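Participant: I'd like to ask some things about the structure below.
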Amino acid sequence: MDVYGLLGNPVGHSLSPPMHEAAYDELGMDARYVTFEPDRTALGDAIFGADALGIAGLNVTIPFKQDALEIVAPEDLASRIGAVNTIDFSGSGPPTGYNTDAVGALRALHDHEVSLEGARAVVVGAGGAGRAIAFGLADAGATVAIANRTEPKAHDLAEEVPRATGYGLAELGQLVANAEVVVNATSVGMETDVSPVPADALHDDLAVLDAVYRPLETRLLRDAADAGATTVDGAWMLLYQGVEAFEIWTGREAPVAVMNEALRSRL
Ligand code: ATR
C-alpha cells in the first residue's frame, strides 16, 4: 500500500484526505492519504522520517510551508515563492519540494477558459497566498498589479515578481476597472460577508478568482456575477493544487471530476 500524507497544524478539518482518496478509489490504487501534526521543531525529522518509512508523497500546509523550503530541494517556482506545499520522494537524491498553490490557481483559471498571456491581472493580498499567485500569474505571462492593505508589502513583493507593480488598496478600484483578471488572496470574505474589491469596479470583461472557499459563494463572487464577470470559486484552486500534487507523485493523470465531487460534497 502507498501512503501519502499532509503535514500541518491543525489539519483535522483538511479536505485533502477525501479528495485524494476519491482519486485512489477511482483508479483502483492501493493507497491511503493521512494527516500528521508534527511539532514545529521536528519538521526535518518528520520529512526525513517519512522518506525513510517509504511514504510516497507529502503535502505541507500552515505553519510549515516556509520552513519546509529549507529542508527539501525546492524546484525553481517553489524557491522563488519561498514556500513548499508538496514533497516528492521518488528521486534518488533529497526529497524535492514543489509549490502547487501557484499552479493550482493557474489551472483553476485555465479550466474556466481564462487566458493569462498578456493579461492585466490584479492580486489583492501580499501574504503567503498572494506571493504564490503573483509568481504564478507572472510565469503565465500576465502583468501583475499587487494591491495590499499594508502597501509596503505590495511594493516589496512586486520587486521580486517579474512585470509586477505594488499598490495600496486605495488604487484597487481603478486597477480592477482596467484589468482582465482579479484574484482575492486575502482572507476578506471568510468571516464576514464583505468584499475586498469595490463592486462598481467589476465588469463583464473580467475573470474573478477568490481563494476563499468557506463560504464558496463570497460577496466578491456574487458582485462579480452581478457584473457579468466570469467567476472561479476557491474550491477550484484547492482542487487543482491537489490534482497537481497527485500528478507529480503518481505520474498519472488525476481523475479531476471525481476529486472535485469529493471536495464539493464536503463544502
Ligand atoms: P495567507 O498565507 O493566507 O496569504 P497571510 O500571509 O497572513 O495569509 O496574508 C493575509 C493577507 O490578507 C495579507 O495580504 C493581509 O494584508 P496585510 O498584509 O495588510 O496584513 C490581507 N488581509 C487580511 N485581512 C485583511 C483585511 N481585513 N483587509 C484587507 N486585507 C486583509
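Participant: When the helix-only estimate is applied to the chain (DSSP H runs of n ≥ 4, each -39,500 (n - 2.57), divided by the residue count), what is the mean residue ellipticity at 222 nm, nearest 500 deg cm²/dmol?
Facilitator: -12000 deg cm²/dmol
Participant: Taking the Cα centroid of the range 93-171 and of the range 17-74, what is the distance between the two, rounded to the nearest whole Å?
Facilitator: One Cα centre to the other: 25 Å.
Participant: Working from Cα positions, state the angle (0 to 90°, nearest 10) between the long axis of helix 128-139 and the longest principal axis of the chain.
Facilitator: Computed tilt is about 80 degrees.
Participant: If you average the sequence gap of Cα pairs under 8 Å that are 6 or more apart and divide by the length of the chain, what percent do you get for the contact order?
Facilitator: Values: 566 pairs, mean separation 44.3, N = 267.
RCO, the chain: 17 percent.
Participant: Would you mind estimating how fast the chain diffuses translationally, via Stokes-Einstein at 37 °C and 0.692 mPa s with the Kirkwood radius over Cα pairs, in µm²/s? Numbers along the way, then the final one.
Facilitator: On the way: Rh = 18.7 Å.
Answer from the Stokes-Einstein relation: 175 µm²/s.
Participant: Let me ask another. Just for the chain, what percent of DSSP beta bridges are antiparallel, to the closest 5?
Facilitator: Values: 6 of 38 bridges.
If we restrict to bridges inside the chain, about 15 percent are antiparallel.
Participant: How long is the gain from Glu171 to Glu70 if the chain were fully straight, where each residue apart is worth 0.36 nm and the alpha carbon distance is subtracted? Don't jump to the answer; show the numbers that get you there.
Facilitator: Details: separation 101, 0.36 × 101 = 36.36 nm, distance 3.59 nm.
Extra length available between Glu171 and Glu70 comes to 32.8 nm.
Participant: Something else: Taking only Cα atoms, what is the 0 to 90° angle, nearest 10, from helix 234-250's long axis to the longest principal axis of the chain?
Facilitator: Helix 234-250 sits roughly 30 degrees off the main axis of the chain.
Participant: Here's a follow-up. Could you work out the relative contact order of the range 102-232, using alpha carbon pairs under 8 angstrom and six or more residues apart, expressed as a whole percent? Write down the numbers at each step before the final one.
Facilitator: Numbers: 283 pairs, mean separation 28.4, N = 131.
Computed value for the range 102-232: 22 percent relative contact order.
Participant: A further question on this structure: Suppose the chain between Asn178 and Ser115 were pulled fully straight at 0.36 nm per residue; how much longer would it get relative to their current alpha carbon spacing?
Facilitator: Details: separation 63, 0.36 × 63 = 22.68 nm, distance 1.58 nm.
Length difference between fully extended and current span is 21.1 nm.
Participant: Express the relative contact order of the range 186-253 as a whole percentage, based on alpha carbon pairs under 8 Å and six or more residues apart in sequence.
Facilitator: Numbers: 92 pairs, mean separation 20.4, N = 68.
It comes to 30 percent, rounded to a whole number.
Participant: For the chain, report the accessible area per residue in Å² (1.4 Å probe, heavy atoms, rounded to an integer).
Facilitator: Working: 11670 Å² over 267 residues.
Heavy-atom SASA per residue in the chain reads 44 Å².
Participant: Something else now. Which one of Ala224, Ala201, Ala78 has the biggest mean-square fluctuation once the chain is modelled by GNM with Cα springs under 10 Å?
Facilitator: Checking each option, the largest mean-square fluctuation is seen for Ala201.
Participant: Name the residue, out of Arg80, Arg219, Arg252, whose mean-square fluctuation peaks in a Gaussian network model built on the chain with Cα pairs under 10 Å.
Facilitator: Of Arg80, Arg219, Arg252, the Gaussian network model singles out Arg252 as fluctuating most.
Participant: For Ser14 and Arg266 in the same chain, what is the full-extension length gain: residue separation times 0.36 nm, less their Cα-Cα distance, in nm? Display every interim value, and only then the final one.
Facilitator: Details: separation 252, 0.36 × 252 = 90.72 nm, distance 1.03 nm.
Difference between extended and current length: 89.7 nm.
Participant: Now for a separate question. Tell me which GluC sites (Glu not before Pro) from the range 18-76 have a DSSP coil assignment and no more than 13 other beta carbons within 10 Å of their own. Mind showing how you got there, number by number?
Facilitator: Values: sites: Glu21, Glu26, Glu70, Glu75; in loops: Glu70, Glu75.
Of the GluC sites (Glu not before Pro), the ones in loops of the range 18-76 whose Cβ has at most 13 other Cβ atoms within 10 Å are Glu70.
Participant: Pull out a ≥ b ≥ c, the square roots of the eigenvalues of the alpha-carbon gyration tensor of the range 102-232, then state rounded if a/c is under 1.5, prolate if not and a/b is larger than b/c, and oblate in the remaining case. Don't skip to the end; give the middle numbers.
Facilitator: On the way: a/c = 1.38, a/b = 1.17, b/c = 1.18.
The shape class here is rounded.
Participant: Estimate the FRET efficiency between Phe48 and Arg149 by the formula 1/(1 + (r/R0)^6), using the beta-carbon distance for r and 35 Å for R0, to the nearest 0.05. Spell out each step's value before the answer.
Facilitator: Working: r = 38 Å, r/R0 = 1.10.
Efficiency, from the Cβ-Cβ distance: 0.35.
Participant: OK, next. Between Met19, Met190, Met237, where does the largest GNM mean-square fluctuation fall for the chain, given springs only between Cα atoms within less than 10 Å?
Facilitator: Met190
The values are calculated or read from the model by the stated rules, or taken from the named source; none is laboratory data. As the structure is a computational prediction, the values presented were derived from the model and not from experiment. Please note: Cβ atoms are built from the backbone with ideal geometry, for glycine as well, and neighbour counts cover all protein chains shown. The area values use the complete protein model at the heavy-atom level, side chains included, leaving out ligands, DNA and RNA. Shrake-Rupley method; radii C 1.70, N 1.55, O 1.52, S 1.80 Å.
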